[in-house]
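Accompanying notes for the structure given below.
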């Protein structure tokens, strides 16, 4: 077997920084619990802020320090997103839990483990399989915004220990690989003894005895080590070296998705809400990828800051539902749709917490990458344009035309919502009122149909008549073709008996006019009308 370990040394700080604005996240940050500082970023450490300091001491050293509360639930949400991203590559994903440590040597966050031996066959030849898998894995983890240390080894605990070893700052890629047991054991012999959970608990005693590495520990009599430090220390060491079995129970992917983010500061604007929602979208995409699914509809809930006045009627939360024309898991596309909808939303109060949940999803194969555009890719681009217009203008404001069985031009088409799906699952775009040619049901060949204009007037425009010719804008129209006679509508109150002509105006534009065959109401003459213009 081959295990890949993903260690996130700054998980707690990164999950807290995700609640801040981009400029504030680069400033000195620190997390504290009831006893004092437990985590500090590089900017804070440069000012002398280290774990173990009291709050007052830290603020005295750095008055500009941003202090946050350590939150295990927030860290668990962030770690779950990493697990979901890993489940897209293998179903065998587990977590190597970190044990509590003393304040002098704070414990590092949990490590995600992936068993990838069976997955390597999908990533090229033997010499590049692991590298290709790790490259794809890093791309999947990048939107989550975590620094990752990667290691691979034949044992799960061995890979986790290698990933937790410190890397030099000059190292370009934080990776460490041991492809077989001999190389793994050699590397572990030089590793510090505090990497093991029981080793951290007895670190001072081990250090006093001169035992600094795991190799030093192995040279001692096992019975004496077990009697003084407990059997768990040797048990973990044997499992890491592959000398004792280490079965793992894989994590099951949840069937539903919901994630939340508590904001450090109140979000008053669209950009502030979108900044926090971008992380929630990245987590949703990781879960969808592991499900091999695409989202059809999801909901963003913005919880507002409570008001303490008894007569206040401000709602506790605002719900925003986004329904997609075509299922998708493209984070850039989803973020554009969310931005358009949020731009139209007036929040009744600042938001202090965001919650995102998937309401409907569709499982399907991913789209193939194409060198040249095809009908499928062009259709996808059209659907995304429709979705963006609907997000900006509203679902009812984006329509398409469908043909109706009526010869009267003003009734030959009908506008319906652009999301409507035709039989067979096809979605048609808004187009002209009539097709230029129709297929023959018997031969399958094209039959020529009368030419129709793209643009029809909402109301027919009466035209003046001189010497039996219609006039437009003070000039006579030149009739080019026609007449095309339409007689229909006898079954309702809109009888139409018309002769249609294609005419040319003085400036050269083509228009569509008709002459009534029945006298106009209250007169004894027929009239000319303008109904459409050719593009």
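Here residue 270 fulfils each of the conditions (1) more than 18 Å from residue 340 (Cα to Cα); (2) touching a helix residue (DSSP H, G or I) at 6+ places or on another chain (Cβ under 6 Å) apart from (1). What do you reckon, is residue 13 modelled with pLDDT of 90 or more and surrounded by fewer than 16 Cβ atoms within 10 Å (Cβ to Cβ)? No: the conditions fail for residue 13.
In this structure, residue 250 does satisfy being over 28 Å from residue 350 (Cα atoms) and out of contact with any helix residue (DSSP H, G or I) (no Cβ under 9 Å at 6 or more places or on another chain).
Do we have residue 84 as farther than 25 Å from residue 194 by Cβ and either buried (at least 22 other Cβ atoms within 10 Å of the Cβ) or at pLDDT 90 or above (or both) here? Answer is yes for this residue. Kindly establish whether residue 226 is assigned to a helix (DSSP H, G or I) and buried (at least 17 other Cβ atoms within 10 Å of the Cβ). Criteria not met by residue 226.
The residue of the stretch 302-311 that is modelled with the lowest pLDDT, among those that are under 16 Å from residue 266 (Cβ atoms) and surrounded by fewer than 17 Cβ atoms within 10 Å (Cβ to Cβ), is 308.
The values are calculated or read from the model by the stated rules, or taken from the named source; none is laboratory data. From a predicted model like this one, the values you see are computed outputs, not experimental measurements. All Cβ positions, even for glycine, are placed from backbone atoms using ideal geometry, and neighbour counts span all protein chains on display.
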